[in-house]
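The values are calculated or read from the model by the stated rules, or taken from the named source; none is laboratory data. Note that the structure is predicted; figures quoted are calculated from it, not measured. Note that we place each Cβ from the backbone using ideal geometry, even for glycine, and neighbour counts take in every protein chain shown.
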Amino acid sequence: MSMRDVKVCLLGESGVGKSSIVMRFVADKFKQALESTIGASFMTKTILVDENTYKFQIWDTAGQEKYRALAPMYYRGSSAAIIVYDVTREASFLAVKGWVNELQRHGPSRIVLAIAGNKCDLEDLREVREKDAQEYAKEIGAIFCETSAMTSVNVAELFQAIARLLPPEDATDSL
Ligand code: GDP
Ligand code: MG
């Protein structure tokens, strides 16, 4: 049994559903029109995975996706990052690579990376094949899943998968 604090940040293009994923995970709610959050925001949610307790501190990029200069505020000190794209918008998937590069160059050296293809409930509007995203994620060693904040598919599972991949806590962390 252990209790672990985990900072995780959400990155990705505007409108892909980052805030909706956070709201689904933290409050199990969904709203059609979320107001874009202004300023830094984080929410916490504690879950039990394999008998260990994880207190997630989730940093949602708050409507400032265009201002890349602010991104380090979110990913600095993060144990995990979730890069979100929208399966109905190919451009948002292409942008994932930009975020991966940014994290590899400037992010923490040890970070659990997850890629989430959100809005998988909109199958008729799909522009990104699951297989393509899956292959890319495998290539870079990232967790991958398609999610729907709306219908609640794979949202909790995504955070559980992250918890399971966190490296053992550094001995120095507990000094
Ligand atoms: P953010 O800018 O990345 O934080 O995106 P939001 O969470 O604000 O969501 C943008 C829009 O997409 C909103 O209108 C949401 O209701 C909608 N949305 C978010 N997630 C889903 C989803 O899983 N399915 C569908 N159909 N719509 C979603
Ligand atoms: Mg948002």
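Here are some notes:
- Residues of the stretch 31-50 satisfying the condition of being in contact with a helix residue (DSSP H, G or I) (Cβ under 8 Å, 6 or more places away or on another chain) and either more than 7 Å from ligand 1 (Cβ to nearest atom) or modelled with pLDDT of 95 or more (or both): Thr37, Ala40, Met43, Thr44, Lys45, Ile47, Val49, Asp50
- Flag for Leu103 being out of contact with any strand residue (DSSP E or B) (no Cβ under 9 Å at 6 or more places or on another chain) and among the hydrophobic types (A, V, I, L, M, F, W, C): no
- Taken as a whole, the structure leaves Ala91 outside the set of residues that are in contact (Cβ under 8 Å) with a residue 12 or more places away in the chain, out of contact with any His (no Cβ under 6 Å at 6 or more places or on another chain) and surrounded by 12 or more Cβ atoms within 10 Å (Cβ to Cβ).
- Answer from Ala163, Ala171 - the residue that is at pLDDT 95 or above and within 30 Å of Ser2 (Cα to Cα): Ala163
- Only a single criterion out of (1) free of Cβ contacts under 8 Å to residues at least 24 places away in the same chain; (2) surrounded by 17 or more Cβ atoms within 10 Å (Cβ to Cβ) is not satisfied by Gly117, namely (1).
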